[in-house]
1. Could you tell me which residue of region 34-46 is farthest from the chain's Cα centre (by Cα), considering only residues that are buried (at least 18 other Cβ atoms within 10 Å of the Cβ) and over 26 Å from residue 102 (Cα atoms)?
2. Being assigned to a loop (DSSP other than H, G, I, E, B) and in contact with a strand residue (DSSP E or B) (Cβ under 7 Å, 6 or more places away or on another chain) is the filter; apply it to region 76-100 and report the residue that is modelled with the highest pLDDT.
3. Residues of region 23-37 being assigned to a strand (DSSP E or B) and in contact (Cβ under 8 Å) with a residue 40 or more places away in the chain, which ones?
4. Does residue 71 satisfy being closer than 20 Å to residue 91 by Cβ, assigned to a strand (DSSP E or B) and either in contact with a helix residue (DSSP H, G or I) (Cβ under 7 Å, 6 or more places away or on another chain) or modelled with pLDDT of 95 or more (or both)?
5. Residues of region 47-59 being surrounded by 13 or more Cβ atoms within 10 Å (Cβ to Cβ) and either touching a helix residue (DSSP H, G or I) at 6+ places or on another chain (Cβ under 8 Å) or closer than 20 Å to residue 25 by Cα (or both), which ones?
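The values are calculated or read from the model by the stated rules, or taken from the named source; none is laboratory data. Small disclaimer: the values here were computed from a predicted structure and weren't measured. Note: ideal-geometry Cβ built from the backbone for every residue, glycine included; neighbour counts use all protein chains shown.
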């Protein structure tokens, strides 16, 4: 029985969960957008992240291991990202949506009125 090459994906410091509100992963234009991917297996694998049909990171990783990718986006909007890992004759691809805010995220704590 084969196991998945991709064990866990963290986006911007949070473990990815498809049921979590996408706002939790969003960044403002120009801020670092980070992927950290834990990989299973033995030997080596090639991990690649593509956004809008452009490779933004690619690396050969010793398994088990970690693939990290940090990138930035200058404009707001949603983009399709594809994470592909190939190793030991297997290939696994997962799709994610990269969300970039229209403007810098405000700290909601500043909007709470002080207690009397």
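1. So the residue we want is 41.
2. Step one: of region 76-100, the residues assigned to a loop (DSSP other than H, G, I, E, B) are 76, 88-89.
Subset that is in contact with a strand residue (DSSP E or B) (Cβ under 7 Å, 6 or more places away or on another chain): 76, 88.
Details: 76: 95, 88: 89.
Ranking the candidates gives 76 first.
3. Start the filter on region 23-37 by keeping residues that are assigned to a strand (DSSP E or B), which leaves 27, 32-37.
Once the filter is applied, which keeps residues that are assigned to a strand (DSSP E or B) and in contact (Cβ under 8 Å) with a residue 40 or more places away in the chain, region 23-37 yields 27, 32, 33, 35, 37.
4. Working: closer than 20 Å to residue 91 by Cβ: no; assigned to a strand (DSSP E or B): yes; either in contact with a helix residue (DSSP H, G or I) (Cβ under 7 Å, 6 or more places away or on another chain) or modelled with pLDDT of 95 or more (or both): yes.
It is false that residue 71 is closer than 20 Å to residue 91 by Cβ, assigned to a strand (DSSP E or B) and either in contact with a helix residue (DSSP H, G or I) (Cβ under 7 Å, 6 or more places away or on another chain) or modelled with pLDDT of 95 or more (or both).
5. Matches in region 47-59: 48, 49, 50, 51, 56, 57.
Residues checked against (1) surrounded by 12 or more Cβ atoms within 10 Å (Cβ to Cβ); (2) touching a helix residue (DSSP H, G or I) at 6+ places or on another chain (Cβ under 7 Å):
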| position | (1), (2) |
| --- | --- |
| 17 | no, no |
| 32 | no, no |
| 61 | yes, no |
| 67 | yes, no |
| 83 | yes, no |
| 94 | yes, no |
| 99 | yes, yes |
